[in-house]
Each structure stands twice: as structure tokens, then as C-alpha cells.
Amino acid sequence: MSQKVLIVEDEANIAQLLQLYLEKEGYETAIASDGAKGLELFHSFAPNLVLLDIMLPVMDGWTVCQKMRKLGNTPIIMLTAKGETRDKVTGLEMGADDYIVKPFEMKEVLARIHAVLRRTGPQEPDARRLSFDKLVINLDSYELLVDGHKVDTPPKELELLYHLAATPNRVYTRNQLLDEVWGFDYFGDSRTVDVHIKRLREKLEGISNQWTLKTVWGVGYKFELNTEG
Ligand code: CA
């Protein structure tokens with residue numbers, strides 16, 4: 001299946017040029033000529049990657065970028081005006097994956113798209129990164145992203161959450177979690193697990209209705225995915 005690229009750009013010439021080249025490379029594309037349409041297409045077109053201009057009518061690229069970030073991890077490449085280094089920094093802070101300075105060469109755009117898709121694309125089986133609605137658990141960088149924001153999390157908490165979320169809906173007993181997360185040589189008791197779960201809940205409470213850190217009374221815990229809706 002071909003990868004889908006959403007082009008959010010109000011300058012028709014640039015948008016069409018991008019479209020032409022990307023389709024020639026086998027990408028499926030859609031063009032949005034303002035920020036609000038960009039967000040609409042983000043939902044309906046469900047792109048694998050977004051090329052996002054900054055100066056846009058209705059809603060600027062920063063705002064669009066932030067809103068898209070709240071909806072998931074779809075890679076975003078910002079198209080910035082020449083020499084605006086402040087734009088690059090802001091763009092990366094807003095959660096953009098990369099930026100391309102205008103005027104650009106199509107070869108460069110294609111190379112950036114390939115690179116970003118390779119970096120963020122279909123995860124290898126051993127990639128230690130899990131993502132759900134408004135939640136990214138990265139065990140390579142030991143980072144927890146909640147609703148697009150990095151949340152300081154002690155290593156064991158992160159490992160515990162990762163362990164549960166790696167097999168959604170599977171129930172683990174406290175002892176299993178102690179064994180598998182803390183290791184057999186750990187001498188703590190099962191309350192350790194409860195304390196860590198409690199702290200995780202404080203960070204994750206009310207963030208999404210797509211998943212929950214759930215207590216299974218008399219058994220243990222699970223990371224429950226809500227599959228309805
Ligand atoms: Ca523009």
C-alpha cells in the first residue's frame with residue numbers, strides 16, 4: 001500500500017509541484033490550502049506524513065502542528081521561510097519531526113521524507129517504543145510523552161508501564177510484575193507495584209478514554225485498550 005502525504009500549503013504552485021513529484025515517487029497525496037482544511041484532511045485522509053507550511057490562512061502552521069501532535073505521532077515536516085532559524089526551533093518544540101527551508105529542491109524534500117518515514121515508520125519488532133492515543137512510551141530514550149508533553153518518570157515506573165502496555169489487556173499479578181520488571185533478585189514486596197501504579201495513574205489519569213491502567217481486583221493489573229468506538 002502506498003504511503004500517504006498530506007501537503008498543507010496555501011501557495012498553489014508549491015503545493016502542486018510537491019504533489020507532482022510525490023505522486024511520481026509513488027506517494028498518495030492530498031492538498032489543503034489552509035490550516036483548518038489541513039486538520040480536516042488529517043482526520044479524513046489519515047496521512048503517513050504531513051508537509052506543513054507555517055504561514056497559512058485561517059490557522060497557522062504552529063497551531064496546526066500542535067493540534068496534530070495531540071492526535072498522534074504522524075511525522076510532520078515543517079516548510080519554513082529562508083533564514084528563519086527561530087521557525088526551526090519553534091517547529092521542533094511544537095513537535096515537528098524535521099523542517100525544510102524554502103526555496104527547496106525536490107530532491108531534498110524527497111530525501112527528508114524518506115528519512116523521516118524510515119525513522120518513524122513501521123516499527124521493527126525489537127523497537128522499544130509503544131504508542132497509543134496521547135501516549136508514547138519509549139524505552140530507548142526512557143521518555144514518557146503524555147498528550148505531547150514529556151513527563152518525568154523514574155525508570156522503574158516507565159518499565160512497568162511499558163511491560164503492561166506491550167501486551168494490552170493481559171492481566172499480570174503483582175508477583176509476575178515484580179519478577180519481570182524488577183527481576184528475581186529484587187527483595188521488595190508486592191506493595192512496590194501498587195505504589196508505582198499509583199504514581200503512574202497520577203500522570204495518566206483522564207488523558208485518554210482509549211486506554212486505562214486498570215486494577216483487576218484480587219489478581220493484579222492490566223493496560224486495557226478500549227476497542228469500542
Ligand atoms: Ca504560506
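Annotations
- Residue in region 3-10 that is open to solvent by 20 Å² or more (accessible area, probe 1.4 Å) and of a type outside the set (S, T, N, Q) present: yes
- Picking from residues in region 191-205 that are open to solvent by 80 Å² or more (accessible area, probe 1.4 Å) and under 28 Å from the mean Cα position of the chain (by Cα), the one that is farthest from Leu178 (Cα to Cα) is Glu205.
- Residues within region 118-137 that are open to solvent by less than 30 Å² (accessible area, probe 1.4 Å) and either modelled with pLDDT of 85 or more or part of a strand (DSSP E or B) (or both), tallied: 3
- For region 34-58, a residue qualifies if it is open to solvent by 40 Å² or more (accessible area, probe 1.4 Å), within 20 Å of Leu92 (Cα to Cα) and over 15 Å from the mean Cα position of the chain (by Cα), and exactly one does: Met55.
- Scanning region 2-40 for residues that are within 16 Å of the ligand (Cβ to nearest atom) and small (Gly, Ala, Ser), we see that the one that is farthest from Pro103 (Cα to Cα) is Ala36.
- The helices (runs of 4 or more DSSP H) found entirely in region 1-105 that carry 3 or more residues being touching a residue at least 12 places away in the same chain (Cβ under 8 Å) and farther than 29 Å from Asp133 by Cβ are 12-24.
- A residue that is buried (at least 18 other Cβ atoms within 10 Å of the Cβ), within 30 Å of Met68 (Cα to Cα) and not aliphatic (A, V, I, L, M) occurs nowhere in region 172-190.
- The set of residues in region 210-229 that are under 18 Å from Ile137 (Cβ atoms) and open to solvent by 70 Å² or more (accessible area, probe 1.4 Å) contains only Lys214.
The values are calculated or read from the model by the stated rules, or taken from the named source; none is laboratory data. Since the model is a prediction, treat every value here as computed from it, not as a measurement. Cβ atoms come from the backbone with ideal geometry, glycine included; neighbour counts cover every protein chain shown. For the accessible areas, the whole protein counts, side chains as well, though only heavy atoms, and no ligand, DNA or RNA atoms are used. Shrake-Rupley method; radii C 1.70, N 1.55, O 1.52, S 1.80 Å.
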